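Here's the structure we're looking at; comments come further down.
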Protein chains: 4
Amino acid sequence: MPIRKANPEPPFNIIRASHVAFDVSDLDRSRAFYVDCLGYLISDADSNAIYLRAVEERNHHSIVLLKADNAAVPVIGFKVSSEEDLDRAAFWFAHKEYPTSFPERPYQGRTLCTCDMFGMPLEFYYRMDQRNCMLRNYAEYKCARIQRIDHINCFTPDVQASFDFCSELGFWLTEYTETDGGNSQLWAVWMHRKGNVHELAFTNGRGPRLHHIGVWTASALDILYICDVMDSSGFVANMERGPGRHGISNAFFLCVRDPDNHRVELFTSDYLTVDPDHEPLRWSLRDPQRQTLWGHQAPASWFEEGSFFSDVRPRQPVLQEQPIVAR
Amino acid sequence: MPIRKANPEPPFNIIRASHVAFDVSDLDRSRAFYVDCLGYLISDADSNAIYLRAVEERNHHSIVLLKADNAAVPVIGFKVSSEEDLDRAAFWFAHKEYPTSFPERPYQGRTLCTCDMFGMPLEFYYRMDQRNCMLRNYAEYKCARIQRIDHINCFTPDVQASFDFCSELGFWLTEYTETDGGNSQLWAVWMHRKGNVHELAFTNGRGPRLHHIGVWTASALDILYICDVMDSSGFVANMERGPGRHGISNAFFLCVRDPDNHRVELFTSDYLTVDPDHEPLRWSLRDPQRQTLWGHQAPASWFEEGSFFSDVRPRQPVLQEQPIVAR
Amino acid sequence: MPIRKANPEPPFNIIRASHVAFDVSDLDRSRAFYVDCLGYLISDADSNAIYLRAVEERNHHSIVLLKADNAAVPVIGFKVSSEEDLDRAAFWFAHKEYPTSFPERPYQGRTLCTCDMFGMPLEFYYRMDQRNCMLRNYAEYKCARIQRIDHINCFTPDVQASFDFCSELGFWLTEYTETDGGNSQLWAVWMHRKGNVHELAFTNGRGPRLHHIGVWTASALDILYICDVMDSSGFVANMERGPGRHGISNAFFLCVRDPDNHRVELFTSDYLTVDPDHEPLRWSLRDPQRQTLWGHQAPASWFEEGSFFSDVRPRQPVLQEQPIVAR
Amino acid sequence: MPIRKANPEPPFNIIRASHVAFDVSDLDRSRAFYVDCLGYLISDADSNAIYLRAVEERNHHSIVLLKADNAAVPVIGFKVSSEEDLDRAAFWFAHKEYPTSFPERPYQGRTLCTCDMFGMPLEFYYRMDQRNCMLRNYAEYKCARIQRIDHINCFTPDVQASFDFCSELGFWLTEYTETDGGNSQLWAVWMHRKGNVHELAFTNGRGPRLHHIGVWTASALDILYICDVMDSSGFVANMERGPGRHGISNAFFLCVRDPDNHRVELFTSDYLTVDPDHEPLRWSLRDPQRQTLWGHQAPASWFEEGSFFSDVRPRQPVLQEQPIVAR
């Protein structure tokens, strides 16, 4: 399978994965999870929404919790390089006949709302309100000591299509999984803009759906500690997978589910990918080290469950291959 | 179930769990596991035996690998307080009509060989050859950076009987598991002499068999690192359980199997138990936190597999209760 | 210098270092330090006293803060093995013509108050009120995640005399510092009862004075974290020495001063010393690795400053040798 | 002091700090330091040179040790985005009348050699031979487990001039130190291309001289471990500063000197700086937290000593202010 290179002259400049909004059915319960258990800081909150940031973040929010009847993901957000890039983005999406709009977003500057070819809701912005960086205020660190949002991982019904779309927007491939045999096909891709393993990843599956957001901690011991805390906070059943070491990305990770089953991956120690001649790393779908270096197979829920995007009906995937699943 | 207190005036003074001998079928393969992968130091070796110690240990050996046709455990060893204690021990066991002998043991002083009521082979000694403590020679630390032997864990066909035997010898109970209901019975016990959670533990099962030896590391990160090393050393399939946090003992642990399936538990961060009024901690057999605080159920092999003691035929256990096992 | 062995038949059985009382000039300020910054749990408090324990401790208190006009140390406390041991202790001290009394101590059972030959105030008890062990309640861990009291370190005007006194009471020597040359003399001693490096240490200096109490954490990373927290809590000036690695005891440590200049050492990763044939480790006073393996010389305050025991006038030390001090 | 923004349209595209060459007086001694003690991998070596890379690095070398009569730094190297960028760089430097040449560099593609206005030797290249990434080969990790080069830090006689030069080349400012008062002047600057705190930093001092190279580890515990190893490897005197937490960059660090006194900083846990509206952080030269959050003042050698660039005579700095130095 020839791997398409990132567009060296993308139509507009995406800086990084920035934030996600979660529709949640009980704000208090979600607050207990994100704030009291994981240790997120509240930038603003009212009876309908809670805006969260992690200790390193100056941007007003990287997670927005929105009171709703049903769990869903209204949007995933990316920061672009300037207001002009927003206009270029609006032009490009409109030219490709994707829907575009500029709704009001609290605490954000001009925000372009659009989607990909499967209807996955995307928003782009340049300016967001700034809050104090708490990175050096260690007395304010709580629980998991999460530093910042790192990446967004989605199911797509067609990995090749999602990959081509993102390549054109300038995302660089760092690692990928293929089926084996003469006519190998993409099973999953990891793509970045900011210089580490990923901003955005796609895995073959019923989609579009959000698989997880990944959030960065400074040390594996922070992740071990949150395992202990989740137990004594009553969230032990929310621990879905890990802690362990991914083969992919080399990251030490823990995957947890929030009270609405939105998945959050705590994540640390991947690597630098800024070199333009950095060769993507290929994994066979049959390689057991792909999922984890430590031999722990992922549970079936990892391959099957994800969050629906608001008002987007997922499609069946084009590939029917089976990854290795824990019995 | 009334818990019998440790005998305050035991017939002889046991200091601690000291060593174990493993019959192994391929010395080179075992050396690759214990020395190259786990990082044990070789105190002495010849074509029939390898004597191993960890970085803190001054005693000549805490693990002895013996070339043999079949995997087995010839003996588990305990250090006593003096030569006089050895004589008192010999008298006590002989008086109780257990077999006693004083065979030659390389690198050990006078050594009493005997057994418990199920035939589990025990040896006691006071003097062992001393080697340099490498605790401050950090450049010699390898891989798992194991500091010392911590404990020995066995299956017994009758936990109450094994517990009574050890209580009489002065072992203190720190934690125990009981069946629930009106006529609760002991399922497992953890007992110490040296002041932490255990020297010796017993679990209900076909026995006597060795379940595992536990070895101490200074930090949970040492245990995470050995997980990574085992993978790249070709021993990923030898990782059986963990890393994780036991509810019992509060220890952070990883369980691995050596090339003959003898089980070694890397273990850190339990607690101090020297107070004479330290109350034992009760766990219900049905409490899922007993096995692990993080919700990872133990695999069936954990409950079923163990090392045979040389020439000792295990018996069926008196209790037929079932613990919680990963599906 | 011939090293006297611990008395194998001590007059009474001391279990371990148990607690210390600190006279402090401002309870609120001390609470901010011990509770808000270090993370101690409050077992009880009123307008005149705060009783503190760490997360592992079941005993009601290991630090007692007492409102007073001046900073001082009213007493250091040790747990004995039984009520009978208390009576044997009272007999022994009275027989040696030390003052003895049994005052009321809140939350403690019968408590013997006495002193050593230099007037250092000692108390012994067997029973103390018990509180819940919070070791597995990780959501309650704060800041330094201190687990328990580990040891007490004092200046003495005559190390040989203090050593002889403690040896007779059954303390075992683990490490010691001597002057060099033909007529070497003891400069410092580390002695244990509970099986690690020390319960009680003495250093040559104007004394008796308390040098520090040592408290145990599970990991060096806990100690790094409290360094970060002390800064952002406004206590950066209270960090006196470290973090670093002691040659003596091999411990990773950080020494901090409380608002009244009482010194607390956070401490982890020493080693097991229960073997009766464990040979004490000798250090030369001139060995720079004695203080730290990492080449950081101790500040002058480390050798000069300590807490006065209430109403005890320190004497000049018998040795006038100089250790290595940071310029 | 108005802070000049990075040139949004730099004359050529620098990717990141890539490598440094060190003239060393004894290759064997340097090999003992970099390979046996720090754990660097050898990509190639002969009797005149050793090419080193860290475990994450695919590029052939990030440190080149060259046998020489005297310690010096022949060059610091940066990777650019393409061969065309090299040509653009050559044009720009020639146009500004800096010397330019394209000498042969082993294991590198076309390499442009030039310098800044103070004669600091720079080289730029796009292609370098690739070697296997050892990031997932944990059994090959040794000692400090250094992952990759992170940054280069230099003394300059005129921080404002060096800053303006680098801003024009597209380096972004992340943190800076100023003198206080009405006419504040730049004392030090930290500038990046790759998205963390820095590629290149300048401090006021006799220069140009190399202050240090910074190398990345995955965890603070890796840095603690190398402290222990340096002692037992005989390099304790080579530990100059730390471990500690910089206020600047928030990094956990340790500074060591190689056998020729070239300085290497082990470094972890800074933060993401890719946002174009990321505001630089200002520090006052008088702020003690600037150097370290933990109150450890830097030794005088930190402010005074650096490596000479080959055949470049340093000048006196334009600012004569004094930072805070340990007495």
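The values are calculated or read from the model by the stated rules, or taken from the named source; none is laboratory data. Everything numeric in this text was worked out from a predicted model, so none of it was measured. Backbone-built Cβ (ideal geometry, glycine too); neighbour counts: all protein chains shown. Accessible surface is based on the protein model in full, side chains and every heavy atom, while ligands, DNA and RNA are left aside. Shrake-Rupley method; radii C 1.70, N 1.55, O 1.52, S 1.80 Å.
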Search result, residues across segment B:26-40 that are open to solvent by less than 20 Å² (accessible area, probe 1.4 Å) and β-branched (Val, Ile, Thr): none
Hits in segment D:1-22 - residues which are buried (at least 21 other Cβ atoms within 10 Å of the Cβ) and either of a type outside the set (Gly, Ala, Ser) or out of contact with any Leu (no Cβ under 8 Å at 6 or more places or on another chain) (or both): D:Phe12, D:Ile14, D:Ile15, D:Arg16, D:Ser18, D:His19, D:Val20, D:Phe22
Verdict on A:Thr156 being over 24 Å from A:Pro121 (Cβ atoms) and open to solvent by less than 10 Å² (accessible area, probe 1.4 Å): no
Selected residue [in contact with a Phe, Trp or Tyr (Cβ under 9 Å, 6 or more places away or on another chain), modelled with pLDDT of 95 or more and over 23 Å from D:Phe202 (Cα atoms)] from D:Ser43, D:Ser47, D:Ser101: D:Ser43
Output for segment A:129-147, where each listed residue is over 17 Å from A:Asp44 (Cβ atoms), surrounded by fewer than 20 Cβ atoms within 10 Å (Cβ to Cβ) and touching a residue at least 40 places away in the same chain (Cβ under 8 Å): A:Asn137, A:Lys142
Number of positions in segment C:41-67 that are assigned to a loop (DSSP other than H, G, I, E, B) and open to solvent by 10 Å² or more (accessible area, probe 1.4 Å): 6
First in segment D:12-30 and away from every other protein chain (no Cβ under 14 Å), second anywhere and part of a loop (DSSP other than H, G, I, E, B) and open to solvent by less than 10 Å² (accessible area, probe 1.4 Å), Cβ under 6 Å, 6 or more apart: D:Phe22/D:His262
Filtered residues of segment A:275-290 (kept if touching a helix residue (DSSP H, G or I) at 6+ places or on another chain (Cβ under 9 Å) and away from chain B (no Cβ under 12 Å)): A:Leu281, A:Trp283, A:Arg290
Residue within segment C:244-256 that is small (Gly, Ala, Ser) and within 14 Å of chain A (Cβ to nearest Cβ) present: no
Residue in segment B:68-97 that is least open to solvent (accessible area, probe 1.4 Å), counting only those that are assigned to a helix (DSSP H, G or I) and farther than 13 Å from B:Phe124 by Cα: B:Ala94
Matching residues, segment C:284-325, being closer than 19 Å to C:Ile248 by Cβ and of a type in the set (A, V, I, L, M): C:Leu285, C:Leu293, C:Ala298, C:Ala300, C:Leu319, C:Ile324, C:Val325
Condition broken by D:Pro259, with the remaining ones in (1) within 21 Å of D:Cys227 (Cβ to Cβ); (2) touching a Lys or Arg at 6+ places or on another chain (Cβ under 9 Å); (3) within 14 Å of chain C (Cβ to nearest Cβ) satisfied: (3)
Selection from segment D:271-320 of residues that are among the polar types (S, T, N, Q) and without any contact (Cβ under 8 Å) to a residue 24 or more places away in the chain: D:Gln320
Flag if A:Asp258 is among the acidic types (Asp, Glu) and modelled with pLDDT under 95: no
Some residue of segment C:294-306 being within 26 Å of B:Thr217 (Cα to Cα) and within 18 Å of the chain's Cα centre (by Cα): no
Qualifying residue in segment C:216-234 (condition: open to solvent by 10 Å² or more (accessible area, probe 1.4 Å), without any contact (Cβ under 8 Å) to a residue 60 or more places away in the chain and over 26 Å from B:Leu221 (Cβ atoms)): yes
Qualifying positions in segment A:193-211 - under 21 Å from A:Asn7 (Cα atoms) and either open to solvent by less than 10 Å² (accessible area, probe 1.4 Å) or not assigned by TED's automatic domain parsing to the domain that holds A:Ser301 (or both): A:Gly195, A:Val197, A:His198, A:Glu199, A:Leu200, A:Ala201, A:Phe202
Filter result for the condition that a residue is out of contact with any Asp or Glu (no Cβ under 7 Å at 6 or more places or on another chain) and modelled with pLDDT of 95 or more, over D:Glu9, D:Glu56: D:Glu56
Which listed residue, of A:Val35, A:Val73, A:Val64, is under 21 Å from the mean Cα position of the chain (by Cα), among the β-branched types (Val, Ile, Thr), under 25 Å from A:Pro157 (Cβ atoms) and at pLDDT 95 or above: A:Val73
Residue within segment D:27-38 that is hydrophobic (A, V, I, L, M, F, W, C), out of contact with any strand residue (DSSP E or B) (no Cβ under 6 Å at 6 or more places or on another chain) and not in a helix (DSSP H, G or I) present: yes
Conditions (1) in the same structural domain as D:Arg282 (by TED's automatic domain parsing); (2) open to solvent by 10 Å² or more (accessible area, probe 1.4 Å); (3) closer than 30 Å to A:Trp294 by Cα: number failed by D:Asp150: (2)
Subset of segment B:302-327 (residues that are at pLDDT below 95 and open to solvent by less than 50 Å² (accessible area, probe 1.4 Å)): B:Trp302, B:Phe303, B:Leu319, B:Pro323, B:Ile324, B:Val325, B:Ala326
Output for segment D:109-120, where each listed residue is buried (at least 22 other Cβ atoms within 10 Å of the Cβ) and in a strand (DSSP E or B): D:Leu112
Subset of segment D:161-191 that is in contact (Cβ under 8 Å) with a residue 60 or more places away in the chain and open to solvent by 30 Å² or more (accessible area, probe 1.4 Å) - its residue that is nearest to the other protein chains (Cβ to nearest Cβ): D:Trp172
